[in-house]
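**Q** Before we start, here is the structure in question, set down as structure tokens.
No value in this document is a laboratory result; all are computed from the given coordinates. Everything numeric here is computed off the predicted structure, so don't read it as measured data. Note: ideal-geometry Cβ built from the backbone for every residue, glycine included; neighbour counts use all protein chains shown.
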Amino acid sequence: MSPRPKNNRTVFDPPKFKGYKPFGYYAGDNEPVFLLFEEYSALKLSDYELMTQSQAAQTMNISRPTFTRLYESARRKIALALAEARPIEVEKGSAYYSNDWYNCRACNIFFTAPEMELSSVRCPLCQSKNLEEITTN
Amino acid sequence: MKTAIASQNSSSETLIDKHFGKCSHFHIYDDSSRHTEVIENPAQGIKGCKGDVIVDELISKNVKSVVAGEFSTKVQQLLNKNHIQMIIHPDTRVPVSEIIELLNHKNK
């Protein structure tokens with residue numbers, strides 16, 4: 001019997017980095033640790049925005065035990081990366097963005113474009129059309 | 001269209017603030033009249049979630065877009081619900097005047 005498919009986890013603003021790299025003597029070509037969007041989001045809600053686990057679970061539209069598992073997994077991955085001097089790469093998991101975000105490659109800002117057609121979206125500051133759409137829907 | 005920029009103080013040479021909720025002032029720029037209004041953060045001194053107070057104030061001023069270094073999840077939910085555009089500027093060493101300059105160019 002196949003396992004039950006994972007529900008999408010709602011995440012908000014995208015991480016402002018693609019990954020992290022250690023520097024120093026041991027920082028060679030170690031295999032990267034892959035941190036999922038939703039794991040980054042769980043860590044941010046809990047340890048940066050200081051929400052309780054049940055508030056954070058509600059925000060991400062998941063059950064509290066699922067949130068605890070995600071949070072635990074994020075902490076373990078970061079500990080692994082630090083202990084073994086491995087780079088961290090952020091990758092898509094079962095995350096669902098609450099709204100569409102765009103990254104302007106010209107001026108490196110992130111923005112939303114509510115009530116706008118995809119074809120008419122431009123960077124609100126530099127007017128560039130060189131955009132990366134950050135969406136996992 | 002009005003754009004609110006979270007700033008570190010009321011001067012025109014101030015920098016963008018990293019946190020939307022904890023900033024000291026908002027510079028509200030109206031691109032049709034090219035006028036900038038500076039207001040104090042209405043949620044200063046409030047403990048806990050400041051998002052409701054700020055977003056209500058910005059809606060009453062007909063703001064359609066906001067710029068800051070970071071938005072908390074609760075604020076994002078509120079802005080999203082009210083169809084207000086969020087602009088995250090990760091480099092907070094940029095003066096507010098530079099953002100206003102860029103918004104000005106938009107009309108040219």
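**Q** Using the Cα atoms of the protein assembly as shown to build a convex hull, what is its mean projected area in square nanometres?
**A** 16.1
**Q** Sort B:MET86, A:MET1 so that the residue with the fewest other Cβ atoms within 10 Å of its own Cβ comes first and the one with the most comes last.
**A** A:MET1, B:MET86
**Q** To the nearest 500 deg cm²/dmol, what mean residue ellipticity at 222 nm is calculated for chain B from DSSP H runs of n ≥ 4 alone, each contributing -39,500 (n - 2.57), summed and divided by the residues? Let's see the in-between values first.
**A** Values: 3 runs with 29 residues, N = 108.
After summing the helix terms and dividing by the residues of chain B, the value is -8000 deg cm²/dmol.
**Q** How far apart, in nm, are the 7 Å Cα→Cβ label points at A:ALA106 and A:GLU89?
**A** 3.0
**Q** Sort out for me the Cα centre separation of the range A:94-137 from the range B:71-105, rounded to whole Å.
**A** Centre-to-centre (Cα) distance: 13 Å.
**Q** Set Lys and Arg Cβ to +1 and Asp and Glu Cβ to -1, take the dipole of the range A:9-97 about its Cα centre, and tell me which of A:LEU43, A:ALA56, A:LEU80 lies farthest positive.
**A** A:ALA56
**Q** Sticking with this structure for a sec: Relative contact order for chain A using alpha-carbon pairs under 8 Å, separation at least 6, rounded to a whole percent?
**A** Details: 191 pairs, mean separation 41.7, N = 137.
Averaging sequence separation for qualifying contacts and normalising by length gives 30 percent for chain A.
**Q** Work out how far the C-alpha atoms of the range B:2-105 reach from end to end along every principal axis, then list the three figures in whole Å, largest first.
**A** The principal-axis extents, from largest down, are 34, 24, 22 Å.
**Q** For the range A:1-65, what's the radius of gyration and Dmax over Cα atoms, in angstrom?
**A** Radius of gyration, then largest Cα-Cα span, for the range A:1-65: 15.5, 48 Å.
**Q** Go ahead and collect, in residue order, the members of the range B:44-64 whose backbone nitrogen is under 17 Å from a label point 7 Å along the Cα-Cβ direction of B:HIS19.
**A** In the range B:44-64, the label zone of B:HIS19 (backbone N under 17 Å from the point 7 Å along Cα→Cβ) covers B:44-55.
**Q** Distance cut-off 22 Å, Cα to Cα: go down the list A:LYS18/A:LYS92; B:LYS18/B:LYS47; A:LYS18/B:LYS50; A:LYS92/B:LYS18; A:LYS18/B:LYS22 and report the pairs above it.
**A** Checking Cα-Cα distances, A:LYS18/B:LYS50; A:LYS92/B:LYS18; A:LYS18/B:LYS22 exceed 22 Å.
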